[in-house]
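Structure record follows, encoded as structure tokens.
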Amino acid sequence: MRDYSKVEPKMWHGKTMKALRKSPEGLVVALYLMTSPSSNMLGLYAQPILYMAYETGLGEEGAKKGLQSCIDAGFCSYDEESEFVFVHEMACYQIAPELKAADLRCKGIQKDYEALPDNPFLGAFYERYADVFHLTKARGIEAPSKPLRSQEQEQEQEQDRETREVSRSPSKAKKEDRTNTLKTFLDGCKANGVKPIPDDHPIRQYMADSGISEEMAQIAWLRFREEHTVGARKSKRYTDWPATFANSVKDRWYRLWFVKPEGEAEWTSEGLQAKRAIEAAMAAKMQQEAA
């Protein structure tokens, strides 16, 4: 058990906490996860919901409701089977947003990370903090077995089920298959003169509220489009491509940015790499067209 935990007053002005104001239970659970007797400074630890229910006074139903609000707001991830929680920015709050490579705390963080029990979020923690804490050794990456999911994640899972059902039943496909590839979807948008991601789509407001810049949103879209038109996922089929792109932003599929404690997003090394590669490709294309 830790003797103390940092909870900065300015966190109340952050985008995530503002989003959680809509859920009193979510606010209580968020504060509890930052100060829980079970917590550690990495923000990756075992946290049974029953303990949370008892120690917050919310009861099991209230604790689950608050936890789901925290997940939907991007504050944390939770795996029901292992009962592990990953509070995404907790290490940033408790330790520092970034450390120099010579800082002895880097070795301590690596040691604490390696000592953690197996859980589904070891890979996600490494991807988030490897650069800023100079971690040198990653542990296994695996998906949560029975995670609590946001509505968008549930939608994507449902879309995957629809695709599998259609592939198993050709006769049903003729009548009910409303899925298509991203290329087909984009061709339809171009033919109808509409934007792939409408101006009024909720993901645009989500990005603004989360401190994600227009440039980051553009790079995320180009990365998403490349992967689903010429990359490894080009054969994927969905009924709602804007919603799928929204999932990629909310769940940070490509790890292009991280959100600072103040609420603004900054590029990760992966993000800078993608940005430079796309800028170079666009410059080469413009040069070719001008020649």
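Since every read-out is calculated from the coordinates, none of them should be taken as a lab result. This structure is a prediction, so every number in the text was calculated from the model and none was measured. Virtual Cβ from ideal backbone geometry, glycine too; neighbours counted across all protein chains shown.
Hey, any idea what the orientation-averaged projected area of the convex hull of segment 24-64's Cα atoms comes to, in nm²? Don't jump to the answer; show the numbers that get you there.
Details: hull surface 10.1 nm².
Orientation-averaged projected area of the Cα hull: 2.5 nm².
State the three equivalent ellipsoid semi-axes of segment 186-291, derived from the C-alpha gyration tensor as the square roots of 5 times its eigenvalues, in descending order and whole Å. Before the final figure, lay out the partial values.
On the way: eigenvalues 100, 81, 38 Å².
Calculated on Cα positions only, the semi-axes equal 22, 20, 14 Å.
Gain in length, Leu272 to Lys10, computed as 0.36 nm per residue apart minus the alpha-carbon separation, to one decimal in nm? Before the final figure, lay out each step's value.
Numbers: separation 262, 0.36 × 262 = 94.32 nm, distance 2.78 nm.
Contour length minus Cα-Cα distance gives 91.5 nm.
How would you rank 25-35, 208-218, highest first, on the average number of other Cβ atoms within 10 Å across their residues?
Details: 25-35: 21.4, 208-218: 16.0.
With the highest mean Cβ count within 10 Å placed first, the list reads 25-35, 208-218.
Quick one: check the C-alpha center-to-center distance for segment 223-276 versus segment 12-38, whole angstrom.
Each part's Cα centre sits 26 Å from the other's.
Sum up the charges of everything whose Cβ sits under 9 Å from the Cβ of Glu89, counting Lys and Arg as +1 and Asp and Glu as -1, but leave Glu89 out.
Neighbour charge sum, excluding Glu89 itself: +2.
FRET efficiency for Trp221 and Arg21, Cβ-Cβ distance as r, R0 = 22 Å, nearest 0.05?
The computed FRET efficiency comes out at 0.15.
Taking the simple approach of a point 7 Å from Cα along Cα-to-Cβ for both Arg178 and Ala208, what is their distance in nm?
It is 2.8 nm.
Residue separation times 0.36 nm, minus the C-alpha to C-alpha distance between Met282 and Lys260: what's the value?
Extra length from Met282 to Lys260 when fully extended: 5.0 nm.
Report the extension gain between Ala102 and Glu61 in nm, rounded to one decimal, defined as 0.36 nm multiplied by the number of residues separating them, less their alpha carbon distance.
10.2 nm
Cα atoms only: what Rg and Dmax, in Å, come out for segment 48-125?
14.8, 46
Against the globular-protein guess of 2.2 N^0.38 Å, express the Cα radius of gyration of segment 230-291 as a ratio, rounded to two decimals.
Details: Rg = 15.4 Å, N = 62, 2.2 N^0.38 = 10.6 Å.
Its radius of gyration relative to the 2.2 N^0.38 Å reference: 1.46.
Taking the mean number of other Cβ atoms within 10 Å as a proxy for protection, how do you rank 53-65, 114-126 from highest to lowest? Walk me through the numbers on the way to the answer.
Working: 53-65: 15.6, 114-126: 17.5.
The most tightly packed comes first, giving 114-126, 53-65.
Give me D for segment 1-107 in µm² s⁻¹, whole number, from Stokes-Einstein with Rh from the Kirkwood sum over alpha-carbon pairs, 4 °C and 1.567 mPa s.
Value of D from the Cα-based Kirkwood radius: 91 µm²/s.
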